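Worksheet: the structure to be examined is printed underneath.
The values are calculated or read from the model by the stated rules, or taken from the named source; none is laboratory data. This structure is a prediction, so every number in the text was calculated from the model and none was measured. Please note: Cβ atoms are built from the backbone with ideal geometry, for glycine as well, and neighbour counts cover all protein chains shown. What goes into the accessible areas is simple: the full protein's heavy atoms, side chains included, and nothing from ligands, DNA or RNA. Shrake-Rupley method; radii C 1.70, N 1.55, O 1.52, S 1.80 Å.
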Amino acid sequence: RLDGRPAPYAPVDSAADLAAAIAAIGMPGILKTRREGYDGKGQWRIMSAADAEGLDLPEQPLIYEGFVRFDAEFSVILCRATDGDIRFWETPRNVHEGGILARSSVPA
């Protein structure tokens, strides 16, 4: 309803998958582990073909995302209990430095 959409992305399980993802999405992009990868951990920036060619892919599921230009980033933080009850926290605005989260501020 708010016209939001995710960055273009593709799953990557092999070097051939990465090449196909780059061909479909383009560069620059970021290759991420699908679990426990964030803010520089489990991430590789792919700015050129040379960056992609030099990668030794880890033995785990990955995802390739195209870059998105945006004015600000914020986090939606919530949890759901086993009984379905949902709790929200205030939404912070995030500031990254060098691709790593430097600070989050509330109110956004």
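Odds and ends about this structure:
- Between 0 and 90°, nearest 10: helix 15-25 axis offset from the chain longest Cα axis: 70
- Protein-only accessible surface order, largest first, of 44, 89 at 1.4 Å: 89, 44
- Computed from the C-beta positions of residue 51 and residue 80, the FRET efficiency with R₀ = 30 Å rounds to 0.20.
- For region 1-99, Kirkwood radius (reciprocal of mean inverse C-alpha pair distance, Å): 15.5
- Just so you know, the averaged projected area of the alpha carbon convex hull for region 18-68 sits at 3.4 nm².
- Solvent-accessible surface of the chain, taken per residue with a 1.4 Å probe and all protein chains present: 77 Å².
- With R₀ fixed at 25 Å, the C-beta to C-beta distance from residue 100 to residue 1 puts the FRET efficiency at about 0.20.
- Efficiency of FRET from Cβ geometry, residue 43 and residue 16, R₀ 30 Å, rounded to 0.05: 0.90
- Helix-only [θ]222 nm of the chain, DSSP H runs n ≥ 4, -39500 (n - 2.57) each, per residue, nearest 500: -4000 deg cm²/dmol
- For residue 32, the accessible area of its heavy atoms, probed at 1.4 Å with every protein chain present, is near 50 square angstrom.
- Coil-residue GluC sites (Glu not before Pro) of region 1-101, DSSP, other Cβ within 10 Å capped at 14: 36, 59, 90
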